[in-house]
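Take a look at the structure below.
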Amino acid sequence: MSSSEPPVPSSNEPTGARPVLPSGIEAGLLGGAAVAGIFLARDLLAGVPMQTPSVLGTLMLQGPEAARTVTSAPGAAIAYNAVHFAVWVLAGTYGILLMRQVEASASNWYRPWVAACLLTVGCVLASARASAAGLPQMHLWLGTLVGVAVMGWFLGWRHPRAMRRIRQMGGE
């Protein structure tokens, strides 16, 4: 870093012991909420509120045959959202751990990128299963990309030193 560059804080996390779980919960809830927002917008525009989580919940609980005929299933939607947000919170917690590894050692710069790619691929593969239930995939893919981007932004904001290392090591 040259003397003309302002110092970059190592972290925007709350001071103190810096527990992983609260930051991971924040990151995951932001990513999950972004996905849920895309789903809700699509469903409202299509005139079938909560169709996406209802179909995905029915698919998760009863399989593709049952999911093909569902338009609204509150219980299935609640079950889906519980799993959805739990997975995003786990991903956010793992993301926080990865960013801390980058802060500890620049040689770990690639790990958050690999994790983001794996999360995206996993969501896209899961959306292929949803297509078996007749649910259009475009908003599922868009929701995934927006969720990963929002969570990535939050992780980068919380860990500016790690982001600087990622940019430097990534060839930017």
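Quick rundown of the values:
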read-out: Hits in the stretch 89-117 (condition: closer than 18 Å to Ala149 by Cα, among the aliphatic types (A, V, I, L, M) and over 11 Å from the mean Cα position of the chain (by Cα)); value: Ile96, Leu97, Leu98, Met99, Val114
read-out: Conditions (1) crowded, with 18+ Cβ neighbours inside 10 Å; (2) under 17 Å from Ser54 (Cα atoms); (3) of a type outside the set (Phe, Trp, Tyr); number of the one not met by Asn81; value: (1)
read-out: Helices (runs of 4 or more DSSP H) (entirely within the stretch 36-123) containing at least 3 residues that are modelled with pLDDT of 95 or more and within 18 Å of Leu140 (Cα to Cα); value: 74-104
read-out: Those residues of the stretch 63-82 which are closer than 18 Å to Ala126 by Cβ, of a type outside the set (Gly, Ala, Ser) and in contact with a helix residue (DSSP H, G or I) (Cβ under 8 Å, 6 or more places away or on another chain), in sequence order; value: Pro64, Val70, Tyr80, Asn81
read-out: Search result, residues across the stretch 127-149 that are surrounded by fewer than 19 Cβ atoms within 10 Å (Cβ to Cβ), touching a residue at least 12 places away in the same chain (Cβ under 8 Å) and either in contact with a Cys (Cβ under 8 Å, 6 or more places away or on another chain) or assigned to a helix (DSSP H, G or I) (or both); value: Arg129, Trp141, Leu142, Leu145, Val146, Ala149
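The values are calculated or read from the model by the stated rules, or taken from the named source; none is laboratory data. The structure presented is a predicted model; accordingly, all values stated were derived computationally and were not measured. Because the Cβ atoms are built from the backbone with ideal geometry, glycine has one as well, and the counts that use them run over all protein chains shown.
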